């Protein structure tokens, strides 16, 4: 069956419009569903994390009043259906919310599309050092979200159907008009097709009617016929020139393609060399920092290990005496004669007095406490070394910036405690998203530089560390009372390999690498200094880095 141009115009236009509308509907609904999914899931995750953090301490201490207060405070949010706090024995410590949602068996949701009761259920475990203490469970009302999505879907489909109907009407009118105007062009085209094989273009023209675009098309058709007649004689020549040009063009394309491949190989090699050089610089600075800290860390570990070992020897002696005392006490027998029993008691009392068992009894607890503190000190140093060892990793994580500073101070304590006093003024900061190993290296470099600046003055100095929350960023200020930095060196301070230290005492990479690390985290590092008055380094880090996003 042969279809007319009008039918094809209507059908084609409608088909294209229907296809585009279908794509638009699917894309719009997918985008809306994805947006709603992302919004609800992020809302649920954020609420669960904050609620878990709020109830953690109360759960660990079994403060039921605090748990109940936290639950009630959470329920003030209009979209919270229920909230529960459950211990590790699956007992409900605190809950709020209307039934049946609050009383049903908890089944966590991972996607909005899985929700069939208009309540998004989620939970968070509360654990410390890998030990599970319980969890929180919350339900978020998404009925309004689902209703909005349904309304939007219905509106989109209704608008699409309306537009499709309008396009069909427009296509019908357009097809009718084009059909009536194109008949003359059709006849002229048939005549031209007959004339092409014979190359006889005489008497081939159409009558021009009106002054619209179709009239212009008819005039163009007549011009085309004349042009075909004129160009027919030059076609063979043009074809020959085109073949020659194609050969030349293929050669040029091949040459440029090869040149581009060569440039790409050079660029890849250049990038590889740059990455290797950058890694070597990081490793060199890390080894330099390790060299500066190694002896001090060994000394810091050796001291507590030494007095723990001494305490254990003392406790071993005490244990021997206690065992002997217990042996004498064990020999007491109420069934023995009074004189024998009295003699054994006198021996027991004499042993107790001679070895000052009262002192031993009182001394055991302090010895154990000191030993525990020493081992805790060793543990903190080892944890700090583990953090510092992750400098080569690109992994970022949520972490307390104040705790990061304390860990760094533990690492560099032996480099600072003999030459200066360290004062800290830490503001309350939220957990931040950063590379723990790299930020630790930055603070290590700044603190060691501050200590060396103070040491050069020959006087006992002070390093003041301050943290504060400014807008949406955390600021860390490290101020020393050293000799300061000369004005001539301020512009070169962050240049690679620039150092004012004697040869062999510095790589000149510490501040350069620190600057790069802070820039990588989306922050900045500033310095203020006056010769003879000390130096202030200010590190600014955004609470949420670009890497997280």
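Each reported figure results from applying straightforward, stated rules to the coordinates on display, with no laboratory input. Source: prediction; values computed, not measured. Quick reminder, even Gly has a Cβ in these numbers, built from the backbone with ideal geometry, and neighbours come from all protein chains shown.
For residue 256 and residue 46, the difference between the fully extended length at 0.36 nm per residue and the C-alpha to C-alpha distance is 70.2 nm.
The calculated FRET efficiency for residue 18 paired with residue 114, based on their beta-carbon distance and R0 = 51 Å, is about 0.95. Extending 7 Å from the Cα toward the beta-carbon at both residue 263 and residue 326 defines two label points whose distance is 8.5 nm. Net length available on complete extension from residue 271 to residue 524 is 88.5 nm, with 0.36 nm assigned per residue and the Cα-Cα distance removed.
Across segment 7-140, C-alpha contacts under 8 Å between residues 6 or more apart give a mean separation that, scaled by the residue count, equals a relative contact order of 24 percent.
Expressed as a whole percent, the proportion of Cα-Cα pairs in segment 126-176 lying more than 13 Å apart is 75%.
FRET efficiency for the residue 39 to residue 156 pair, using the beta carbon distance and R₀ = 25 Å, is estimated at 0.85. Taking all C-alpha pairs of segment 5-150, those more than 23 Å from each other amount to 47 percent.
Computed from the C-beta positions of residue 107 and residue 363 and an R0 of 41 Å, the FRET efficiency is 0.10 to the nearest 0.05.
Counting only the backbone N, which residues of segment 400-430 are under 18 Å from the spot 7 Å out from the Cα of residue 73 toward its beta-carbon? Hits in segment 400-430 for residue 73 at 18 Å: 428-430. Tell me, how many Å apart are the Cα centres for segment 405-454 and for segment 459-480? Here the two parts' Cα centres lie 10 Å apart.
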